[in-house]
């Protein structure tokens with residue numbers, strides 16, 4: 001009997017209030033790493049109408065004008081108009097940063113007697129599937145492409161009435177765990193007051209949805225554009241934003257599990273971030289090697305301890321060799337200790353603001369080394385398939 005179901009994932013634009021916060025937090029992280037690669041950073045951002053608040057802990061050898069960087073980041077997103085009631089030039093900014101706890105530092109910092117330990121306890125997951133070229137689930141991949149296109153047509157002036165805040169949602173019909181067709185697409189975009197709902201629907205369909213769907217387009221797709229009929233009030237003026245509130249958007253759109261830890265605003269000593277990237281790297285190489293059609297890696301840590309307390313491989317019954325054999329290959333060829341992860345993926349560089357919108361995974365950016373499949377040939381050869 002054929003297994004049929006619909007799976008839905010969402011994405012949000014860089015102008016969504018939560019994503020504004022993620023980008024500000026990661027812009028601050030990048031600037032500290034640019035001057036001191038060993039900086040310890042945990043920065044949270046909150047936004048509301050004409051207000052940005054920064055809190056967290058930072059230990060670094062460098063200092064810079066954080067307020068100026070925040071304003072530059074907000075302007076780059078597109079909030080440089082006082083009419084939006086969240087403006088890069090005029091918004092109030094409050095900053096309250098302390099140093100990292102000495103209790104945490106003594107467990108994390110490497111010295112001549114101790115290797116670098118995990119920056120916190122917790123469990124992390126990484127996922128890959130061969131249903132797309134990027135080895136990502138189709139719903140989240142398309143959702144990200146739609147929100148990125150929404151930003152592109154705004155910034156280029158192609159659709160001058162589009163404003164920074166927006167969302168997408170994509171529903172895909174699956175049969176026996178394989179995507180068969182697009183079922184529904186939802187686009188919500190903030191807009192200027194001088195355009196009708198009918199015209200918004202028409203232009204979004206022609207300039208955003210159809211170009212992204214391309215060969216996947218069919219006339220039976222249910223299209224919903226701004227379903228409430230109006231979306232003039234948006235961004236932090238419409239809803240307060242907070243760092244780390246879009247963790248499913250950031251990862252696999254719900255198709256893979258999530259350990260609960262946010263990614264943005266954290267330096268790579270925090271395994272919430274670095275181990276999530278490593279798990280994606282491992283899962284993607286396993287799928288790229290043909291050892292499984294789908295793969296999820298689960299790892300867990302104790303704070304201050306380098307070696308993971310557990311590691312599990314789940315291939316959802318799609319494995320070509322036993323999962324025990326795959327796990328042995330993982331243990332042999334992938335070092336999951338925090339210090340080794342940072343070195344393998346080159347994570348002490350200012351690469352993080354780019355991750356903070358449109359997904360941390362499935363993007364072929366040169367800095368995103370966790371997307372490399374450079375161990376696939378080795379895994380394939382040693383597996384004997």
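Any read-out appearing in this document is the output of simple, stated calculations on the displayed coordinates, not a laboratory observation. Small disclaimer: the values here were computed from a predicted structure and weren't measured. Note that we place each Cβ from the backbone using ideal geometry, even for glycine, and neighbour counts take in every protein chain shown.
Let me have the 222 nm mean residue ellipticity of the chain computed from DSSP H runs of 4+ only, each contributing -39500 (n - 2.57), with the sum over all residues rounded to the nearest 500.
So the calculated ellipticity at 222 nm is -9500 deg cm²/dmol.
Hey, rough spin-label estimate for residue 72 and residue 215, points 7 angstrom out along Cα→Cβ, what's it come to in nanometres?
4.2
Test of understanding: in a Gaussian network model of the chain with alpha carbons linked when under 10 Å, which of 278, 124, 312 would top the mean-square fluctuation ranking?
Of the options given, 312 has the highest mean-square fluctuation.
Give me 149, 222 ranked fewest to most by other Cβ atoms within 10 Å of their Cβ, as a rough exposure proxy.
222, 149
With a 10 Å Cβ neighbour count serving as the proxy for reagent exposure, in which order, fewest first, do 16, 191, 224 appear?
224, 191, 16
Averaging sequence separations of C-alpha pairs under 8 Å and six or more residues apart, then dividing by the length of segment 238-290, give the relative contact order as a whole percent.
Result for segment 238-290 is 24 percent.
Can you tell me how much longer the chain between residue 333 and residue 132 gets when fully stretched, taken as 0.36 nm per residue apart minus their C-alpha distance, in nm with one decimal?
69.9 nm
Between residue 55 and residue 152, what FRET efficiency comes out of the Förster formula 1/(1 + (r/R0)^6) with R0 = 30 Å and r the beta carbon distance, rounded to 0.05?
It comes to 0.40.
On a full-extension model of 0.36 nm per residue, what is the gain between residue 93 and residue 181, subtracting their alpha-carbon distance, rounded to one decimal in nm?
Residue separation times 0.36 nm, minus the Cα-Cα distance, leaves 27.1 nm.
Could you give the nm distance between label points at residue 374 and residue 173, where each point is 7 Å from its Cα heading toward the beta carbon?
Between residue 374 and residue 173, the simple spin-label model gives 4.3 nm.
Compare the peptides 164-175, 195-206 by average per-residue count of other Cβ atoms within 10 angstrom and give them in order, highest first.
So the peptides 164-175, 195-206, ranked by packing, come out 164-175, 195-206.
Please give the contour-minus-distance gain from residue 309 to residue 109: 0.36 nm per residue of separation, less the Cα-Cα distance, rounded to one decimal in nm.
So the extension gain works out to 70.1 nm.
How many nm is it between the label spots at residue 346 and residue 318, if each spot is 7 Å from the Cα in line with the beta carbon?
For residue 346 paired with residue 318, the spin-label model returns 2.9 nm.
What's the center-to-center distance, using Cα atoms, between segment 28-96 and segment 276-341 in Å?
35
May I ask you to sort 266, 61 by Cβ crowding, counting other Cβ atoms within 10 Å and putting the fewest first?
Result, fewest neighbours first: 61, 266.
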